[in-house]
Amino acid sequence: MLELRDVRHCYDGRLVLELARFAVGPGALIAIVGPNGSGKSTLLRLLALLERPTEGAVLLDGAIALGAVESGGGTGRAPPELRRRVTLVEQRPVLFRGTVRENLEYGLRARGMAAAAAGRVIADVAARLGVTPLLARRRHQLSDGEVQRVAVARALAVAPDVLLLDEPASSADRAATQTLYHALAEERARRPLAICLASHQLEDAYRWTDDVRALADGRLSPVTPENLFRVELPTSDGEALKHVSIGPVAIAVVTAKSGPAILAIPPTDILVSREPIAASARNMFCGRVTRLARQRAGAVHVTADVGVELVAVVTDEAARELELTPGGPVAFTFKASAVRVF
């Protein structure tokens, strides 16, 4: 198990990540989602043992692999034998000089693998990632999407226990994305492999992973990733009903907090109808369906433009009864008390 424990991480005195615990268990398949600047890439770099946390520690199999100076972690890097068990592919990976084949071969030869055996591994992983035609090319002959696939192939070639991926399909078309995720699924079917990936594509996160976790301002969100908004709350004496502007709409929320905050509206707490309904709920917005996605069995994610984009979840049966279609009318209703504030 790879784990962050009691971690606070700062850059130039600015807190960018604060997690009491973040664990990647054996064989886990986790997606980290959240807006730009939420801390996803920093989280992956800490898990990859590339940075020491300002406070807290990174543990591997229950033992401290890399800790902060404040917690007795020392100033050195994690031991090579531990770093080799965890591999990170960054969003804009850097390839070594030489050909694609030489890039795939590098880690294998560094581990002492014979040339013939390395050749077999390279042929296999290149075929699964669809980069066999690229083996003789160099970096300047590759597109950004091809570089990403080569970097993932290079990571899979060395068979890490944990694979960390930062926006692995950000430069890929749909066909290349399908190839990537099918290759990862095939690798997990072959051997125990934990994968933790950061993605801004919620549909891919739900479709291809088992555990979706959201980050907002460096902290784990208490609800699912959709419907997160950064806001400025007005001051009040104690808990009060407040109306907070998000774009052209005002959302009613009950809270005692003031100042900068994150609002989170759980999709399952939104009542979906075709027309406005009589209800005591403070929040009711009408708009048009922009997308329907069956991302999990029995559940339909309904995305609508109601002045801002909101996502609700209904059952398959409810979606059929409401005759929801892209472009069709929809009304979202939810209570002020359903809005989470953190």
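The values are calculated or read from the model by the stated rules, or taken from the named source; none is laboratory data. What you see is a predicted model; the values in this text were computed from it and never measured. All Cβ positions, glycine included, derive from the backbone under ideal geometry; neighbour counts span all protein chains shown.
Observations on the structure shown:
- Qualifying residue in segment 164-182 (condition: out of contact with any helix residue (DSSP H, G or I) (no Cβ under 9 Å at 6 or more places or on another chain) and in contact (Cβ under 8 Å) with a residue 12 or more places away in the chain): no
- Meeting the requirement of 1 or more residues that are of a type outside the set (Gly, Ala, Ser) and free of Cβ contacts under 8 Å to residues at least 40 places away in the same chain, the strands (runs of 3 or more DSSP E) wholly within segment 6-119 are 14-24, 63-67.
- Across segment 247-262, a minimum of one residue is classified as among the hydrophobic types (A, V, I, L, M, F, W, C), modelled with pLDDT of 90 or more and in a loop (DSSP other than H, G, I, E, B).
- Test set (1) under 28 Å from GLU239 (Cβ atoms); (2) crowded, with 17+ Cβ neighbours inside 10 Å - LEU324 fails condition number: (1)
- Annotation note: of GLU275, GLU203, GLU239, the sole residue that is among the acidic types (Asp, Glu), outside the structural domain of LEU43 (by TED's automatic domain parsing) and either buried (at least 19 other Cβ atoms within 10 Å of the Cβ) or within 24 Å of GLU309 (Cβ to Cβ) (or both) is GLU275.
- ARG138 of a type in the set (D, E, K, R), surrounded by fewer than 16 Cβ atoms within 10 Å (Cβ to Cβ) and either closer than 30 Å to VAL249 by Cβ or in the same structural domain as ARG294 (by TED's automatic domain parsing) (or both): no
- Output for segment 122-139, where each listed residue is touching a residue at least 12 places away in the same chain (Cβ under 8 Å) and either under 29 Å from the mean Cα position of the chain (by Cα) or on the phi > 0 side of the Ramachandran plot (or both): ILE122, VAL125, ALA126, ARG128, LEU129, GLY130, VAL131, LEU134, ARG139
- Which listed residue, of GLU186, GLU146, is in a helix (DSSP H, G or I) and surrounded by fewer than 20 Cβ atoms within 10 Å (Cβ to Cβ): GLU186
- Residue in segment 191-206 that is more than 24 Å from TYR106 (Cα to Cα), in a loop (DSSP other than H, G, I, E, B), among the small types (Gly, Ala, Ser) and touching a residue at least 12 places away in the same chain (Cβ under 8 Å) present: yes
- Residue in segment 238-245 that is part of a loop (DSSP other than H, G, I, E, B) and under 19 Å from SER258 (Cβ atoms) present: yes
- Annotation note: of GLU232, GLU226, the sole residue that is acidic (Asp, Glu) and either part of a helix (DSSP H, G or I) or loosely packed, with under 15 Cβ neighbours inside 10 Å (or both) is GLU232.
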